[in-house]
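A.B. asks: Got a structure for you, questions after.
Coordinate-derived values only; no laboratory data. Note that this is a predicted model, so its numbers are computed, not measured. Neighbour counts are summed over all protein chains in view; Cβ atoms, including those assigned to glycine, are modelled from backbone coordinates with ideal geometry.
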Amino acid sequence: MNWFIHALIIFSLSVQVVPAGLSYKAEKNKIKGALVAVVMVFVEVMMFGLGKLLGSSFLHLLANWKNGIVFAVFFITGVRMIMDAFKIRKGKVAYRLVEPKFVFLTAVAQSINTFIIGLMFYFFPHIDFKTSLIALSLLSFFMILPSIFTPQNRISLSFAAVLYVLGGGFFVLTAFYLGFAL
């Protein structure tokens, strides 16, 4: 996999924190908003690493079906993200950060796609996984921080929906590329 496809995957994963960040109201307490951003990014990176770890433990059994599995996972994840974008545009954000005590659970629920894509990284042993983790954490942090401090309105929700469509579209394109180029 070349660096461009790798960058598209990391970008698409980092976009997933934006809708949850928009639902958090950090106008009153900026420090609490920054802590929420750190927790969200930490859990997303942890889920990505956990996916890679679990993928290493059992995906060797499915090595004969590598192309089909990679295609299906990336394609379904991309289509699901595109479908979620229409909900985001209407203001129906699936994961809301309304109460700070539920931030960890919200972060885990929000990062399920990241976990699944992390599983698929077993099939890409030539990629330096530490670089992926660093890039994901930095890009996710720079995506969620402005979204936490931006008020949730029509424009911000539309922008989050566009980012989600881009991320989902990149996953669909990556599915076709990896499904047939591996």
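A.B. asks: Putting +1 on Lys and Arg Cβ atoms and -1 on Asp and Glu Cβ atoms, find which of Phe86, Leu8, Ala181 reaches farthest to the positive end of the dipole of the chain.
C.D. replies: The residue sitting farthest along the positive end of the dipole is Phe86.
A.B. asks: Would you please put 43-51, 155-163 in order of how densely packed they are, using the mean number of other Cβ atoms within 10 angstrom per residue and starting with the highest?
C.D. replies: Final packing ranking: 43-51, 155-163.
A.B. asks: I want to make sure I understand the PRE zone here: with the label point 7 angstrom from the Cα of Trp3 toward its beta carbon, which residues in segment 122-139 have backbone N atoms less than 17 Å away?
C.D. replies: Taking a point 7 Å out along Cα→Cβ of Trp3, the residues of segment 122-139 whose backbone N falls under 17 Å are 126-136, 139.
A.B. asks: Further question: Can you put Phe75, Phe171, Phe102, Phe58 in order of Cβ neighbours within 10 angstrom, beginning with the fewest?
C.D. replies: So the ranking, lowest neighbour count to highest, is Phe58, Phe102, Phe75, Phe171.
A.B. asks: Only helical DSSP H runs with n ≥ 4 go in: add -39500 (n - 2.57) per run for the chain, normalise by residue count and round the 222 nm mean residue ellipticity to 500 deg cm²/dmol. Provide the component values of the computation, followed by the final result.
C.D. replies: Working: 8 runs with 136 residues, N = 182.
Theoretical 222 nm ellipticity from helices: -25000 deg cm²/dmol.
A.B. asks: In square nanometres, what is the average projected area of the Cα convex hull of the chain?
C.D. replies: Details: hull surface 38.0 nm².
Dividing the Cα hull surface by four gives the mean projection, 9.5 nm².
A.B. asks: Taking the Cβ of each residue in Ile134, Ile31 as the centre, tally the other Cβ atoms inside 10 Å and list the residues starting with the fewest.
C.D. replies: Least crowded to most crowded, the residues run Ile31, Ile134.
A.B. asks: Based only on other Cβ atoms within 10 Å, what is the fewest-to-most ordering of Tyr122, Tyr24?
C.D. replies: Ranked by crowding around the Cβ, least crowded first: Tyr122, Tyr24.
A.B. asks: Moving on. Which ³J(HN,Hα) values, rounded to whole Hz and listed in residue order, are derived for segment 148-157 from phi using the Karplus coefficients 6.51, -1.76 and 1.60 in 6.51 cos²θ - 1.76 cosθ + 1.60 with θ = phi - 60°, glycine and proline given as x?
C.D. replies: Residue by residue, segment 148-157 yields 5, 8, 9, x, 7, 9, 4, 5, 5, 5 Hz.
A.B. asks: May I have the pair-distance distribution P(r) for segment 23-89, computed from all Cα-Cα distances with 10 Å bins from 0 and rounded to whole percent?
C.D. replies: The calculated distribution, bin by bin, is 16, 27, 33, 17, 6, 0.
A.B. asks: Further, regarding this structure: Taking a label point 7 Å from the Cα of Phe104 along the Cα→Cβ vector, which residues of segment 19-45 have an amide N closer than 16 Å to it?
C.D. replies: 35-45
A.B. asks: Moving on. To the nearest 0.05, how large is the calculated FRET efficiency for Leu54 and Met83 if R₀ is 30 Å and r is the Cβ-Cβ distance?
C.D. replies: Here the calculated transfer efficiency is 0.70.
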